[in-house]
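Enquirer: So that we are looking at the same thing, I have put the structure below in structure tokens.
The values are calculated or read from the model by the stated rules, or taken from the named source; none is laboratory data. Not measured: the values here are computed from a predicted model. Using ideal geometry, Cβ is built from the backbone for each residue, glycine included, and neighbour counts are taken over all protein chains shown. Just so you know, the surface numbers come from the protein's heavy atoms only, side chains and all, with ligands and any DNA or RNA stripped out. Shrake-Rupley method; radii C 1.70, N 1.55, O 1.52, S 1.80 Å.
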Amino acid sequence: MMSAKVYPAQSFEFKSDAIAPDKSISHRCAMFSVLAEGESRIENFLRAEDTLNTLKIVGHLGADITDDGTTITIRSHGIQESSEILDCGNSGTGMRLFCGLLSSAEGHFVLTGDEYLKRRPMKRVSGPLRSIGAKLDGRNNGDLAPLSIRGASLKSFDYTSPVASAQVKSAMMLAALRSDGVCTFREPELSRDHTERMLRGMGARVEINGLETKIWPLEKPLKPLDIRVPADPSSAFFFAVAAAITPNAFAVIEGVTLNPTRIEAFKVLEKMGAKITYTLTDERYEPIGTIRVEYAPLQAVSVEENIAWLIDELPALSIAMACAEGKSIIKNAEELRVKESDRIKTVVDNLNLCGIKTEEYPDGYAVIGGELKSAIVNSYGDHRIAMSFLIAGLKCGMEVHDIECINTSFPNFFELLGSCTKVER
Ligand code: S3P
């Protein structure tokens, strides 16, 4: 098991166009190419464990993939049965979206993942997919991987999801594309909308009306993708927090998606007092631009709305809360319990080890701002817990154990962190 030690930072100026490419968009690029006719071209695909697993699975499903180091091309021959077990590794997005994609494909498929993914709930997709005719099963009556899928013809649906989850929405949208009629999907709060944007860009008929999305079955294959994946705001956010907690520091992140369903955590950090500007520079499938974050003393904040828009950033935001004046509260975030770790527990336990007082609730927690103290903490195999506490180390020094998981989403994290402070591995 690898560990890393971070030393307190002096003020720094961080400027980068090399933040890891967006994970959600990279997964979708690989998967959606399978439904296209012709060659999809993907520049700046995230070369991290999660998304490379998805790309490998797309290869197992019969697509031709080339990679010249800059651009990945994918040419599909329709979805073909595979003799391989399809291993999604640590990725919930991979597994849940493949459930939607494969439920209507001809053949038999087996999806599995690592020890963490095998503990995460899949009923949220297997339930609604089964109700429209999917033949999908797994341990615990279809809730736990390994999952097996026997492709079947799917009925159109009108489904209201109990969770605001882009993974559930995307799985159902992929199923809808190959169902027998117009489908309606509703969610309690808008979740990230990359699937809607990308499928529309590829020629699918998708209509969005508030929390309701209508999807029409494909009459012909999708148009191939031609995309440069923007930087991942969830990865960028670690450096936003780094700047926000280090006196006189700033961070400039270039080429990042400014999709409103993804940058809510920056808005909360701004509300806490950090100086943040957003500059739009490009628009392709998504708005893309530069985010600049500058240190300022932080005040406590209450986060109870638009949770789906910042769910992945809450661990890093909690570090900013620990450095803020007053008591910050996170509510309505029970989804944190079923991420790569139970992030309510792992954040609270680790903050306590760093001398920060917390209160744990079933659906969130409170962080009472104070003096972060150097500690030895564990990532619990969760990449975002590992990176959040390494960032906390900029304030007070920190040793984080079990850091291999960072490779699931942000392989060059340490290289970039090294430009802010001293790091030992
Ligand atoms: C993702 C959706 C979110 C997010 C995950 C990526 C996606 O999960 O936490 O990291 O790419 O669709 P949920 O949809 O389960 O909320």
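Enquirer: Residues being of a type in the set (A, V, I, L, M), open to solvent by 10 Å² or more (accessible area, probe 1.4 Å) and not in a loop (DSSP other than H, G, I, E, B): count how many of those fall in segment 285-303.
Expert: Of the residues in segment 285-303, 1 are of a type in the set (A, V, I, L, M), open to solvent by 10 Å² or more (accessible area, probe 1.4 Å) and not in a loop (DSSP other than H, G, I, E, B).
Enquirer: Check Phe237 against each of (1) surrounded by fewer than 24 Cβ atoms within 10 Å (Cβ to Cβ); (2) aromatic (Phe, Trp, Tyr); (3) within 16 Å of the ligand (Cβ to nearest atom) and name the one condition it does not meet.
Expert: (1)
Enquirer: Give the residues of segment 145-162 that are in contact with a helix residue (DSSP H, G or I) (Cβ under 6 Å, 6 or more places away or on another chain) and aliphatic (A, V, I, L, M), sorted by residue number.
Expert: Of all residues in segment 145-162, those in contact with a helix residue (DSSP H, G or I) (Cβ under 6 Å, 6 or more places away or on another chain) come to 145, 149, 154, 159, 161.
Residues satisfying the conditions are Ala145, Ile149, Leu154.
Enquirer: Take Val125 and tell me if it is farther than 22 Å from Ser165 by Cβ and assigned to a helix (DSSP H, G or I).
Expert: In short, no.
Enquirer: Okay, next question. Tally up the residues in segment 94-139 that are within 18 Å of the chain's Cα centre (by Cα) and either under 17 Å from Tyr159 (Cα atoms) or among the aliphatic types (A, V, I, L, M) (or both), please.
Expert: Summing the residues that are within 18 Å of the chain's Cα centre (by Cα) and either under 17 Å from Tyr159 (Cα atoms) or among the aliphatic types (A, V, I, L, M) (or both) in segment 94-139 gives 9.
Enquirer: Among (1) under 14 Å from Val301 (Cα atoms); (2) open to solvent by less than 40 Å² (accessible area, probe 1.4 Å), there is one condition Lys327 misses while meeting the rest; what is its number?
Expert: Exception for Lys327: condition (2).
Enquirer: Name every residue in segment 183-205 that is within 11 Å of the ligand (Cβ to nearest atom) and either in a helix (DSSP H, G or I) or at pLDDT below 95 (or both), in order of residue number.
Expert: Within segment 183-205, His194, Thr195 qualify.
Yes/no matrix, rows are residues, columns are (1) over 22 Å from Glu81 (Cα atoms); (2) within 15 Å of the ligand (Cβ to nearest atom); (3) not in a helix (DSSP H, G or I):
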residue	(1), (2), (3)
Leu136	no, no, yes
Asn141	yes, no, no
Leu147	no, no, yes
Ala152	no, no, yes
Ser156	yes, no, yes
Val163	yes, yes, yes
Val168	yes, yes, no
Leu174	no, yes, no
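Enquirer: Please give the number of the condition Tyr380 fails out of (1) farther than 18 Å from Ser3 by Cα; (2) of a type in the set (Phe, Trp, Tyr); (3) in contact with a Ser or Thr (Cβ under 8 Å, 6 or more places away or on another chain).
Expert: (1)
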